[in-house]
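Asker: Quick one: structure below, then a few questions.
Read-outs: derived from the displayed coordinates by stated rules, not from any lab. The structure displayed is predicted, hence computed values, not measured ones.
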Amino acid sequence: MAAERAKARFGARFELVVGVHDLAETPDARDDELASWMPFSEAEPVLGRLLAASRRTGTPLRVTSDDAFRSDLHLLAPWLVRHGVAGAIFVPTRFLGRPGRLTADDVRVLAGLGLEIGVHGARHVDWTALSEREFIDDVTEGRRALEQILGRPVDLAAVPFGRFDARVLDRLLAMGFREVHTSRPGLALASVPIKPRNMLKSGSLPAVLALGDRRGDWRDAARCRLRRLSTRFRSIGGAP
Ligand SMILES: [Zn+2]
């Protein structure tokens, strides 16, 4: 019993953060975006298995979605609400109102359903490829637009294309972001603001499902802490 309680406590130090994009059965995603499209009919059983695993291991599940596809509102949010799963939506603000994308009103509805809303830039550009000024402008424009829509501060961010380096991380944390989501796989440690995310796409599913069965131990914690250091030496890229 004591061992079970200890395990539950240790498990709660971690969470499994999953990332999705367009979930529409007929994709709204175009061109390069199609690489991260997964129809909801394929994603839902995977999410169901991850939720069942989360209940077994005691490691909370959080589902995030990037790029403001309208499936966030019509497909993902109802699933999250139905199952009581935490969610975060990362919105490139210049995408709002485009065909197949969320509107500002949709973002307010999603926030009203209890989903967190986070910054994903304004233009959806690779922050590591920009000058300091351009990078700060893109983050600030995206953040201000969301804060205006929601009428409150926004302190979550996800790096576009999963690309980040030490400069990007340090600057985002200095700007007061509480969490910075990447596209690197692994369990997220609650006490570390840089959140590994496990992107659902064809090819990644076996690895994500295997991770869902893990409770997390000192090796996962060390990986979370060391990732920050490893960015001192190289920039890291991932999925859209
Ligand atoms: Zn993106």
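Asker: Run the numbers for Trp218 and Ile136: contour at 0.36 nm per residue of separation, minus the present Cα-Cα distance, in nm.
Answerer: Extra length from Trp218 to Ile136 when fully extended: 26.0 nm.
Asker: log₁₀ I(q)/I(0) of the range 78-175 at q = 0.23 Å⁻¹, via Debye over equal Cα point scatterers, no solvent, to two decimals?
Answerer: -1.20
Asker: So who's got an amide H within less than 5 Å of the one on Glu116, skipping anything under 5 residues away but keeping other chains? H placed 1.01 Å off N, in plane.
Answerer: Here Gly87, Ala88, Ile89 satisfy the definition.
Asker: Still on this structure: Using the Kyte-Doolittle scale, which helices in the chain average at least -1.0 and also have C-alpha atoms spread 18 Å or more along the helix axis, with helices defined as whole DSSP H runs?
Answerer: Flagged H segments are 40-57, 132-150.
Asker: Oh, and also: Take the Cα atoms of the chain, find their three principal axes, and give me the spread along each one in whole Å, biggest first.
Answerer: Reported extents, whole Å, longest axis first: 52, 40, 35.
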